[in-house]
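One structure below.
The values are calculated or read from the model by the stated rules, or taken from the named source; none is laboratory data. These numbers come from a predicted model, not from an experiment. Ideal geometry is used to build each Cβ from the backbone, glycine not excepted, and the neighbour counts take in all protein chains shown.
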Amino acid sequence: MHHCTVDQLRRGELSGIRRLNLSADLSDFPVEIFDLADSLEVLDLSNNRLNDLPDDLPRLHKLKRLFLSNNSFETIPQVLSQCSQLSMIAFKGNRIKVFPENALPPQTRWLILTDNCLEDLPVSLGSLDHLQKLSLAGNQLRNVPQELVNCRQLEFIRLAANQLEELPDWLLSLPRLTWFSYAGNPFYTDWGKQVSDQPQLSTIDWHQLILGDVLGQGASGIISKGIWKTDDGCLDVAVKVFRGEITSDGYPMDEMQACLAVGNHGNLISPLGQVSNHPDQKNGLVFPLAPADYRSLGHPPSLDSCTRDTYPSDTNFSLVGVLKIAIDVAAAVTHLHQRNILHGDLYAHNILTNSQNQALLGDFGAASFYPKALASKLEPTEVRAFGCLLEELIDHCPELNAVSLAPVKIHLHQLCQDCMDTVPDRRPTAEAVLRFLQSVEV
C-alpha cells in the first residue's frame, strides 16, 4: 500500500483507489475520504493524532480493513459497529481504556489492540462468531470475559504482558485455538522460575558487533546479518534488535528467558548471547547465522488468509521433502514440550529450510512456559498448529496425487485431521506425531 498525500486526496487524484495510506499528522478525519466511498476497501490512517471517527463512517460502504495504529484514541468508537463490510480493525499503540459493549461490527475477524491501556473487555466480544485473530498483548487486562468461549472460530490469541492473576484455562477448550501466548502476566512469574537456576545467557557487547544487511523483520524486532568480533577471530552471526519494551508478542525479556530455556537442538535456532551496551538501550539477541542456502519455508499470513501462512504460487515440495521438514519440525516441538515450553507461533514463516529439506525452527517471541499439570491442556494447541503446517505442505506436494501414493496421502491427511481435531483432548502428542511420521514408508 503506497503512501498518499492529503493534497492528492483534495485534488481528486485518488479517485477509484481501493487502498489508502495517509500519514500526515492528522488530528481530524479528512472528509475527502468519503469521495472514495464507492471503491475504498482498505484505509490506513496509522501514525497520526486521531482520537475519534466521524459518525457517518458507514458511508464507506466497501470498507473491509481499517488501520488506526499509533494514534491517540482512548475509546473504541461505537460507529465501527455500523460498518457493514468491516472485518479487520487495528488500534495498536493508542491509549485505549474504554471498550464499549457492541462497539464492533458482527463480522469482525481480526482485531488488534496491542499496547493500549485496557483493564477489561466487553462481554459482547463473545458474540463475534467470525473472530479468528485477537491481539491483546501489552494492556492492563485483569480478566477475560468467559463469553469469549463462544468464539468458536478463534485461532490466534495474544494475552502476554497484561495483569492476569490466572490463566483463563477455559480458553483451552476452544476447538480451533492454535497460536496462543500469555507470558508476562502476574500468574506467569512462578511458571518462569524453572529456568531461574540456570546460567544467564552470556552477554555480547554491542561494540563487538558489526551489522550488515537486514535479513528479516518480525513482530518483535529486526534481524540483521552481522559479524561478531571475538578474541579468537570473527564469527558470522544474526543479530535481533527488539523494537521496544512491548512487542505484539509481549516482553522481550520473556523471549530471552524462553531462548535460554530452549537449550540446544539440531532443529532449533538457539541464541549465542544477549546484547549489552546498545546505544539506545535496546534489547537484542545474537544467533549463529544460518547457512546461506536456508530460506523461510513460507510467508506470514496475508490480510485475506488472516491466520494461515501464504506461499508463492510456484511453491512445490517433494514427498520426501514434506516428510523431512515435518519430521524435523515435530522433533523441535517435541523437544520444546519436553521442557514445558509452548512455542506459540509455530508457522512456516518461522521455519528455515535448505535444499536438503532440513528445517530449523526459530523466533521465540510468543514462547511461554507452562507447568506440567497444564501440559495436556496447552500442548494440543501447538499440535493443531503442526496440523495446519502439515496441511499446507501436503497442499503444495503434487507428487501425492499419484495413484501409487494414495495410501501415503490418506495417512498424512488422517494425521492432519487428528492434529486438528475439534476436541483438543483427542489430538496426539507431538512425540506421537513424530513417531508416526518416522514410520511412514515412501
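From the set of residues in the range 402-442 that are of a type in the set (Val, Ile, Thr) and over 24 Å from the mean Cα position of the chain (by Cα), which is surrounded by the most Cβ atoms within 10 Å (Cβ to Cβ)?
VAL408
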Q: Just one of (1) touching a residue at least 24 places away in the same chain (Cβ under 8 Å); (2) loosely packed, with under 15 Cβ neighbours inside 10 Å; (3) under 30 Å from THR108 (Cα atoms) trips up SER305, so point out which.
A: (1)
Q) Among the residues of the range 149-172, which ones are farther than 18 Å from SER127 by Cβ and either out of contact with any strand residue (DSSP E or B) (no Cβ under 6 Å at 6 or more places or on another chain) or among the polar types (S, T, N, Q) (or both)? A) LEU159, ALA161, ASN162, GLN163, LEU164, GLU165, GLU166, LEU167, ASP169, LEU172
Q) Scanning for something of a type in the set (A, V, I, L, M) and closer than 23 Å to LYS62 by Cα, does the range 142-151 turn up at least one residue? A) no
Q: From the list GLU392, GLU399, pick out the single residue that is more than 23 Å from the chain's Cα centre (by Cα), among the acidic types (Asp, Glu) and either assigned by TED's automatic domain parsing to the domain that holds VAL333 or surrounded by fewer than 23 Cβ atoms within 10 Å (Cβ to Cβ) (or both).
A: GLU399
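Considering ASP7, ASP25, ASP55, which residue is surrounded by fewer than 20 Cβ atoms within 10 Å (Cβ to Cβ), at positive phi and in the same structural domain as ASN139 (by TED's automatic domain parsing)? Spell out how you get there, then give the answer.
Working: ASP7 fails: at positive phi; ASP55 fails: at positive phi.
None of the other options fit; the residue is ASP25.
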Q. In the set SER27, SER69, which member is of a type outside the set (Asp, Glu), in a loop (DSSP other than H, G, I, E, B), over 20 Å from LEU113 (Cβ atoms) and touching a residue at least 12 places away in the same chain (Cβ under 8 Å)?
A. SER27
Q | Hits in the range 252-299 (condition: of a type in the set (Asp, Glu) and either in contact with a helix residue (DSSP H, G or I) (Cβ under 9 Å, 6 or more places away or on another chain) or part of a strand (DSSP E or B) (or both)) | A | ASP254
(Q) Can you report the number of residues in the range 417-437 which are more than 20 Å from ALA348 (Cα to Cα) and part of a helix (DSSP H, G or I)? (A) 6
**Q.** Count of the range 175-195 residues which are under 18 Å from the mean Cα position of the chain (by Cα) and more than 17 Å from ARG142 (Cα to Cα)
**A.** 5
Q: Among what's in the range 28-45 and is surrounded by 19 or more Cβ atoms within 10 Å (Cβ to Cβ) and closer than 12 Å to ARG65 by Cβ, pick the residue that is nearest to the chain's Cα centre (by Cα).
A: ASP44
**Q.** Residue in the range 237-296 that is surrounded by the fewest Cβ atoms within 10 Å (Cβ to Cβ), counting only those that are of a type in the set (Asp, Glu) and in contact (Cβ under 8 Å) with a residue 60 or more places away in the chain
**A.** ASP293
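Go through the residues of the range 393-416 one by one and say whether even a single one is assigned to a loop (DSSP other than H, G, I, E, B) and either under 23 Å from ASP169 (Cβ atoms) or in contact (Cβ under 8 Å) with a residue 24 or more places away in the chain (or both).
yes
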**Q.** Tally, over the range 10-22, of residues that are surrounded by 15 or more Cβ atoms within 10 Å (Cβ to Cβ) and more than 23 Å from GLY93 (Cβ to Cβ)
**A.** 2
Q) Does the range 348-357 contain any residue that is touching a Leu at 6+ places or on another chain (Cβ under 6 Å), in contact (Cβ under 8 Å) with a residue 60 or more places away in the chain and part of a strand (DSSP E or B)? A) yes
Q. Do we find a residue being more than 21 Å from the chain's Cα centre (by Cα) and surrounded by 17 or more Cβ atoms within 10 Å (Cβ to Cβ) anywhere in the range 155-165?
A. no
Q. Among GLN163, GLN82, GLN140, GLN132, which is of a type outside the set (A, V, I, L, M, F, W, C), out of contact with any His (no Cβ under 7 Å at 6 or more places or on another chain) and outside the structural domain of LEU57 (by TED's automatic domain parsing)?
A. GLN163
Q) What about HIS411, is it touching a Ser or Thr at 6+ places or on another chain (Cβ under 7 Å), farther than 21 Å from ALA261 by Cα and not aromatic (Phe, Trp, Tyr)? A) no
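Among the residues of the range 314-322, are any under 18 Å from ASN264 (Cβ atoms), surrounded by 15 or more Cβ atoms within 10 Å (Cβ to Cβ) and hydrophobic (A, V, I, L, M, F, W, C)?
Looking through the range 314-322, none of the residues is under 18 Å from ASN264 (Cβ atoms), surrounded by 15 or more Cβ atoms within 10 Å (Cβ to Cβ) and hydrophobic (A, V, I, L, M, F, W, C).
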Q: Give just the number: which of (1) surrounded by 15 or more Cβ atoms within 10 Å (Cβ to Cβ); (2) in a helix (DSSP H, G or I); (3) over 25 Å from the mean Cα position of the chain (by Cα); (4) not basic (Lys, Arg) does HIS207 not satisfy?
A: (1)
